[in-house]
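What follows is a set of notes on a single structure, which appears directly below.
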Amino acid sequence: MIDASGAGRLLDLTLAPHRSLPPTGFYIVMGFVVAVALVTGILFLVVGAWPVFGFMGLDVLALWWAMRLSYRHGLAREIVQLDERGMVVERISPSGHAVRVTMDPAWIRVEHDSDSDFARPLLLRSRNNRVEIASFLNQQERREVAAVVRDAVLRWRAPHPSPQGTS
């Protein structure tokens, strides 16, 4: 998911992993899985294969745990902002821990192989800083983010003189 809004900024992106199943869908899927597992488990219990009933419960528990873990990873965010003072890239982990990197837009290079169909990283380089962004997005979305960031950096550079030794 990409949200590109912000007043007074040249760029204000919020990047988040896509979640195709909303919370209501999660409960519907889990309800269906529990119902199927319960009916199947009871049938096995009736014919005397009682251990299968327990394993059906373990399957349901494993699916629930995997889906909850997926939702937790969906809480990750990356915020990319560019204004007159510079560019800030903030990565927020699912646990809420934030890592913030500040970059000088005069030195930023956006590196992404947009012609490739393979999953290539989207990198922002500025002097000694190197930050990969949008790693959880698909290749087409990375192309779009790369184009948006390049455009914002070029708009920032238009009224600002470029540093010596750059082109």
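Things to note:
- Out of GLY86, GLY41, sole residue that is surrounded by 14 or more Cβ atoms within 10 Å (Cβ to Cβ) and in the same structural domain as ALA134 (by TED's automatic domain parsing): GLY86
- Restricting the first member to the stretch 126-147 and to residues that are farther than 16 Å from LEU82 by Cβ, and the second to residues that are modelled with pLDDT under 90 and among the basic types (Lys, Arg), the beta-carbon pairs closer than 8 Å and six or more apart or on different chains are GLN139/ARG120; ARG142/ARG120.
- Residue ID - surrounded by the most Cβ atoms within 10 Å (Cβ to Cβ), chosen from residues in the stretch 44-58 that are aliphatic (A, V, I, L, M) and farther than 22 Å from MET30 by Cα: ALA49
- Single condition ASP59 does not satisfy, out of (1) touching a residue at least 60 places away in the same chain (Cβ under 8 Å); (2) in the same structural domain as PHE32 (by TED's automatic domain parsing); (3) of a type in the set (D, E, K, R): (1)
Here is a yes/no grid of residues against (1) of a type outside the set (Asp, Glu); (2) at pLDDT below 95; (3) under 18 Å from the mean Cα position of the chain (by Cα):
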{"position": "TRP65", "(1), (2), (3)": "yes, no, no"}
{"position": "LEU69", "(1), (2), (3)": "yes, yes, yes"}
{"position": "GLY86", "(1), (2), (3)": "yes, yes, no"}
{"position": "ILE108", "(1), (2), (3)": "yes, yes, no"}
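The values are calculated or read from the model by the stated rules, or taken from the named source; none is laboratory data. No experiment lies behind these values; they were computed from the predicted model shown. Heads up, the Cβs are rebuilt from the backbone with ideal geometry, glycines too, and the neighbour counts pull from every protein chain shown.
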